[in-house]
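The values are calculated or read from the model by the stated rules, or taken from the named source; none is laboratory data. The structure displayed is predicted, hence computed values, not measured ones. Quick reminder, even Gly has a Cβ in these numbers, built from the backbone with ideal geometry, and neighbours come from all protein chains shown. Calculation scope for accessible area: heavy atoms of the full protein, side chains included, ligands and nucleic acids excluded. Shrake-Rupley method; radii C 1.70, N 1.55, O 1.52, S 1.80 Å.
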Amino acid sequence: MFAVEVRDHIMIAHSLPSGVFGPAQGMHGATFTVDAAFFSEDIDEHGLVADIGLATEALAKALEPLRYKNLDEHAEFKGKFTTTEFLCHHIFQQIAEQVRLGKLADEGRIKRIRILLHESHVARAWYEGDISA
């Protein structure tokens with residue numbers, strides 16, 4: 001399996017209003033390092049899974065609506081716990097849609113995507129799935 005991976009980051013604010021989250025119940029900020037990996041069983045005639053520039057643009061586009069936002073005010077997230085795991089899946093869905101629409105010009109090679117959010121230097125979460133998911 002081949003892969004190309006790109007990285008970006010976002011700064012957000014949110015709360016996780018349940019006792020299970022301890023001190024994170026209250027409003028707090030987070031800076032996430034975000035990695036997006038695009039997987040293919042083969043490479044094209046130029047030796048590419050996908051163009052790194054296009055992959056970087058796809059990740060930036062998926063993150064833009066979240067940058068410097070209070071996720072508690074994001075209409076799409078109303079009633080949801082915006083955990084690191086939840087955000088991984090949300091970003092995956094945004095990027096998978098771009099791949100399905102041909103925005104990475106991969107000619108159908110990309111079959112899986114992994115979104116990994118580094119919450120800190122000691123904690124991270126990811127979501128990985130087929131783009132057809």
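Assorted remarks:
- Against the test of being among the hydrophobic types (A, V, I, L, M, F, W, C) and without any contact (Cβ under 8 Å) to a residue 12 or more places away in the chain, the options V99, V20, V49, V34 yield a single qualifying residue, V20.
- Region 65-76: number of residues that are closer than 15 Å to Q93 by Cβ and either of a type in the set (D, E, K, R) or not in a loop (DSSP other than H, G, I, E, B) (or both): 3
- Number of residues in region 6-33 that are assigned to a strand (DSSP E or B) and surrounded by 12 or more Cβ atoms within 10 Å (Cβ to Cβ) equals 13.
- Single condition I131 does not satisfy, out of (1) surrounded by 14 or more Cβ atoms within 10 Å (Cβ to Cβ); (2) at pLDDT 95 or above: (2)
- When residues of region 34-50 are limited to those that are open to solvent by 70 Å² or more (accessible area, probe 1.4 Å) and among the charged types (D, E, K, R), the one farthest from I131 (Cα to Cα): E45
- Hey, A75 of a type in the set (A, V, I, L, M), under 20 Å from the mean Cα position of the chain (by Cα) and surrounded by 13 or more Cβ atoms within 10 Å (Cβ to Cβ) or not: no
- Yes/no for F81 being over 12 Å from the mean Cα position of the chain (by Cα), modelled with pLDDT of 95 or more and under 26 Å from A24 (Cβ atoms): yes
- Residue list for region 92-133, filter: at negative phi, among the small types (G, A, S) and outside any strand (DSSP E or B): A96, S120, A123, S132, A133
- K61 meets each of the listed conditions (1) open to solvent by 70 Å² or more (accessible area, probe 1.4 Å); (2) of a type outside the set (F, W, Y); (3) in contact with a strand residue (DSSP E or B) (Cβ under 8 Å, 6 or more places away or on another chain) apart from (3).
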